[in-house]
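Okay, so here's the structure we're looking at.
The values are calculated or read from the model by the stated rules, or taken from the named source; none is laboratory data. This structure is a prediction, so every number in the text was calculated from the model and none was measured. What goes into the accessible areas is simple: the full protein's heavy atoms, side chains included, and nothing from ligands, DNA or RNA. Shrake-Rupley method; radii C 1.70, N 1.55, O 1.52, S 1.80 Å.
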Amino acid sequence: MSTLKDDFLERLCFHFYDDEEELPKLFRAPEITRIMRLRELDREIMRNPGRSDKERVVWLKNKFGIKDRQGYIDLQDLRIVVGIPQTYNKEYDRLEMMQLLRERISAAAAREDDTSVAKLVKEYNTMARFGKDEPLKVDPNLAPMSVEPTSDIKVLGLPELPEDEDLIKDRLRRKYDKDYATEIEYEEVKPEISDPVEAFLSRWTRSSQKM
């Protein structure tokens with residue numbers, strides 16, 4: 001039984017929003033009936049996000065004539081399929097409370113009760129979490145970090161050398177410069193003339209110089 005249910009939910013996760021005409025290709029008639037009920041439950045939750053699970057089960061019983069146990073199973077399976085967040089009700093209650101605080105702030109302001117206004121505004125700011133979800137502002141006077149290249153091992157985070165860096169460079173220079181500082185003899189190679197007119201003029205010039 002558990003295997004059949006898992007198989008149904010696995011298929012439903014990929015095809016929950018498919019067109020109704022396509023469902024018979026993947027699901028049996030009793031499964032399609034339950035899919036239609038789960039879709040109605042999904043829309044009911046979207047319409048009334050503040051209701052408790054108990055109220056939703058009562059709604060399912062009245063609309064589809066199912067028992068309490070089946071209603072809670074439908075809620076659980078719907079959360080698996082569409083991923084309804086568990087904190088959704090808390091977020092809805094938070095928005096409702098913020099609306100109530102706004103109304104009380106307006107009423108206190110109309111009475112010119114500054115003390116109550118200040119207290120209610122403080123509670124509203126705490127409820128709305130102003131400043132906590134906003135990105136940090138960039139300081140316009142903030143100087144950029146230096147990007148100049150450096151070989152300083154302290155800047156690179158490497159351990160200090162056992163001796164002075166300049167002495168090491170000088171020793172390496174004396175050791176290897178003699179091997180790479182020798183001059184290389186070369187012979188200049190004149191390019192060949194591919195243009196026949198230039199080749200003729202070149203030969204004629206050399207013949208004239210011999211005469």
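Tabulated data for the structure shown
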quantity	calculated
Rounded accessible area of TYR176 (nearest 10 Å², 1.4 Å probe)	100 Å²
Spatial extent of the range 34-73: Rg and Dmax, with the Cα atoms as the point set, Å	9.2, 24
Probe 1.4 Å, all protein chains present, accessible-area order of MET98, MET36, largest first	MET36, MET98
Descending principal axes extents, the range 1-58, alpha-carbon based, whole Å	35, 27, 18
